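J.: Before I ask anything, let me first share the structure, which is written out below as structure tokens.
The values are calculated or read from the model by the stated rules, or taken from the named source; none is laboratory data. The shown structure was predicted, so the numbers you read here are calculated from the model rather than taken from an experiment. Backbone-built Cβ (ideal geometry, glycine too); neighbour counts: all protein chains shown. The accessibility values were calculated without ligands, DNA or RNA, using every heavy atom of the protein model including side chains. Shrake-Rupley method; radii C 1.70, N 1.55, O 1.52, S 1.80 Å.
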Amino acid sequence: MALLTQPPEPGRPPQQVIAGLWLFAPSRESQGGSSWLLEGSAYGGDGDLLVDCPGYTQANLEMLQRRSLQVGPGTIVLTSREGHGRCRRFQEAIGWPVLVQEQEAYLLPGVRQCTSFAAEHSLAPGVKLLWTPGPTPGACVLHVRAGVLDGLFCGRLLVPTGPAALAPLPTARTFHWPRQLRSLELLRGWLPAGSPAWIASGGGLGALRGEKLVTGGAALLAGLDL
């Protein structure tokens, strides 16, 4: 019980990357992965989108609680089991519903207001999810093409491999490598022509050498050797 009542560590506050988009500090709870917050006003939606769970820290909680007070509850969107982190603790603290691909909903026992989807799901005009199994059974991506935004939150489907570079990489935790490559092929046909302008990865961003987003996303995806 003592562990459940311990206050969260202070942590570092998220940083704004572009207007309406925030990046959280790397989280040990997701193997050093990256989590993002997309403000509802940036895509014309009713609430913010928290793409994967950041570290459960005081700084992150305060930011999300402040957003809830300012604009109302948002939605926690999970792109793979690697991004679940302490989802239940976050939901208990901020009360946001959770959206996850159906293959990984069973990993969230006790999480209230948990909605799952199958192959595709639309959150708002121009905001869609696609199931892209491979990194994990229920991996998915979030594409946003609304207002001035044209971006793809790719989860762990693509990870940074160098400055301005992303690629699929098999790891010891990869669920199914051939399916991951097929998911990338499906993604290329699913996206609108010329989109996305940028890609936000859910992996660790150290290889990007200080950059946060990878621009020229459509050309990068088209150039992948699968």
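J.: Would you check if GLY134 is under 15 Å from the mean Cα position of the chain (by Cα), surrounded by 17 or more Cβ atoms within 10 Å (Cβ to Cβ) and not in a helix (DSSP H, G or I)?
T.: no
J.: I'm trying to understand the selection: among the residues of segment 20-41, which are touching a residue at least 40 places away in the same chain (Cβ under 8 Å) and either in a loop (DSSP other than H, G, I, E, B) or over 20 Å from VAL98 (Cα atoms) (or both)?
T.: Matches in segment 20-41: GLY20, PRO26, GLN31, GLY32, SER34, SER35.
J.: In segment 166-204, what count of residues is obtained for those that are of a type in the set (Ser, Thr, Tyr) and free of Cβ contacts under 8 Å to residues at least 24 places away in the same chain?
T.: Qualifying residue count for the region: 1.
J.: For segment 163-211: of the residues being of a type in the set (D, E, K, R) and part of a loop (DSSP other than H, G, I, E, B), which is nearest to GLY147 (Cα to Cα)?
T.: GLU211
J.: ALA59: in contact with a Leu (Cβ under 7 Å, 6 or more places away or on another chain) and either part of a loop (DSSP other than H, G, I, E, B) or crowded, with 16+ Cβ neighbours inside 10 Å (or both), yes or no?
T.: Judged against the criteria, ALA59 is not a match.
J.: What residue, among those in segment 195-217 that are touching a Leu at 6+ places or on another chain (Cβ under 9 Å) and farther than 22 Å from GLY55 by Cα, is most open to solvent (accessible area, probe 1.4 Å)?
T.: Among those that are touching a Leu at 6+ places or on another chain (Cβ under 9 Å) and farther than 22 Å from GLY55 by Cα, it is ALA197.
J.: Next up: Among GLU104, GLU120, which is touching a strand residue (DSSP E or B) at 6+ places or on another chain (Cβ under 9 Å) and surrounded by 15 or more Cβ atoms within 10 Å (Cβ to Cβ)?
T.: After ruling out the rest, the residue left standing is GLU104.
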